[in-house]
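The values are calculated or read from the model by the stated rules, or taken from the named source; none is laboratory data. Given the structure is predicted, the values throughout are model-derived calculations rather than measurements. Heads up, the Cβs are rebuilt from the backbone with ideal geometry, glycines too, and the neighbour counts pull from every protein chain shown. Surface accessibility is based on the protein's heavy atoms, side chains included, excluding ligands, DNA and RNA. Shrake-Rupley method; radii C 1.70, N 1.55, O 1.52, S 1.80 Å.
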Amino acid sequence: MENDILVIGIAGGTGSGKTTLMNNLISQFADVVTILSHDNYYKRHDELTYEQRCLLNYDEPDALETDLMARHLDQLRQGQPIDCPVYDFTLHNRSDKTIRIVPKKVIIVEGILIFENKELRDLMDIRIFVDTDADVRLCRRIKRDVTKRGRTLESVLNQYLQTVKPMHEKYVEPSKKYADLVVPEGGQNLVALDMIEGRIRRHLEGA
């Protein structure tokens, strides 16, 4: 079964344009694409108060249960459905819900740290790194976290300076070397988007 499934990894820093690129691909191939997001695999911390959870470093590899994600991706490659955890960003904790994800012809794996883990990246057929200027990424993160995740501007900036920026430089940026394709500006890069769409079409046609 796994030979019939194309796994595409999309990595890059926070606010780099991963979601835009992914949404453009989904708009073209919605019926045959499954999404697996690293964000849903943040570890559960019921033992901590909300205030304590706010102080955790969410931008280092140890914050995520990547081994579980790798097992789930392997199951999907084998044609088996999974029950994916769901993370609640307003509570800074994993929720009690799960999402049933079924394998399709194309699986897109996305997250800032997905190339950092060898077990996970070895399950990918194509690795794409979205590369965007740091100032642009920060502006996008502020807009997303304030409007969609209920955060204050001060908390977003503090987190960016204390953990997001240093962890990007330590883990995310170095993982770019594992990419097969580096895409400046993400979903705005129409040339790269056309290349990726062409590769997916060839896969669907059995090439």
| field | Lone unmet requirement of (1) among the polar types (S, T, N, Q); (2) modelled with pLDDT of 95 or more; (3) open to solvent by 70 Å² or more (accessible area, probe 1.4 Å) for residue 75 | value | (3)
| Within segment 151-160, is there a residue that is outside any helix (DSSP H, G or I) and open to solvent by 90 Å² or more (accessible area, probe 1.4 Å)? | no
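For every residue, the table says whether it meets (1) open to solvent by less than 30 Å² (accessible area, probe 1.4 Å); (2) free of Cβ contacts under 8 Å to residues at least 12 places away in the same chain.
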residue	(1), (2)
19	no, no
45	no, no
60	no, no
63	yes, no
67	no, no
71	no, yes
| query | If you scan segment 111-127, which residues turn out to be closer than 20 Å to residue 4 by Cα and either small (Gly, Ala, Ser) or open to solvent by 20 Å² or more (accessible area, probe 1.4 Å) (or both)? | reply | 121, 122, 123, 125, 126, 127
| field | Of all residues in segment 128-150 being open to solvent by 40 Å² or more (accessible area, probe 1.4 Å) and outside any helix (DSSP H, G or I), the one that is farthest from residue 16 (Cα to Cα) | value | 150
| message | Please go through (1) among the aliphatic types (A, V, I, L, M); (2) in contact with a Leu (Cβ under 9 Å, 6 or more places away or on another chain); (3) assigned to a helix (DSSP H, G or I) for residue 191 and return the number of the only condition it doesn't satisfy. | response | (2)
| message | Name the single residue that is farthest from residue 202 (Cα to Cα) among those in segment 23-74 being among the hydroxyl-bearing types (Ser, Thr, Tyr) and more than 14 Å from the chain's Cα centre (by Cα). | response | 49
| query | residue 63 fails exactly one of the following numbered conditions: (1) farther than 19 Å from residue 156 by Cα; (2) at pLDDT 95 or above. What is the number of that condition? | reply | (1)
| Could you say which residue among 14, 34, 49 is of a type in the set (Ser, Thr, Tyr) and open to solvent by 40 Å² or more (accessible area, probe 1.4 Å)? | 49
| Among the residues of segment 176-188, which ones are in contact (Cβ under 8 Å) with a residue 12 or more places away in the chain and at negative phi? | 176, 178, 179, 180, 181, 182, 183, 184, 187, 188
| Is it true that residue 171 is out of contact with any strand residue (DSSP E or B) (no Cβ under 9 Å at 6 or more places or on another chain), open to solvent by 40 Å² or more (accessible area, probe 1.4 Å) and at pLDDT 90 or above? | yes
| request: Go through segment 174-188 and give me each residue that's under 15 Å from residue 20 (Cα atoms), part of a helix (DSSP H, G or I) and open to solvent by 50 Å² or more (accessible area, probe 1.4 Å). | output: 188
| task | Kindly provide the set of residues from segment 102-152 that are more than 17 Å from the chain's Cα centre (by Cα), over 22 Å from residue 168 (Cβ atoms) and among the hydrophobic types (A, V, I, L, M, F, W, C), ordered by number. | result | 102
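For every residue, the table says whether it meets (1) in contact with a helix residue (DSSP H, G or I) (Cβ under 8 Å, 6 or more places away or on another chain); (2) over 21 Å from residue 109 (Cβ atoms); (3) of a type in the set (A, V, I, L, M); (4) modelled with pLDDT of 90 or more.
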{"residue": "125", "(1), (2), (3), (4)": "no, no, no, yes"}
{"residue": "133", "(1), (2), (3), (4)": "no, yes, no, no"}
{"residue": "152", "(1), (2), (3), (4)": "yes, yes, no, no"}
{"residue": "176", "(1), (2), (3), (4)": "no, no, no, yes"}
{"residue": "193", "(1), (2), (3), (4)": "yes, no, yes, yes"}
{"residue": "201", "(1), (2), (3), (4)": "no, no, no, yes"}
{"residue": "204", "(1), (2), (3), (4)": "yes, no, yes, yes"}
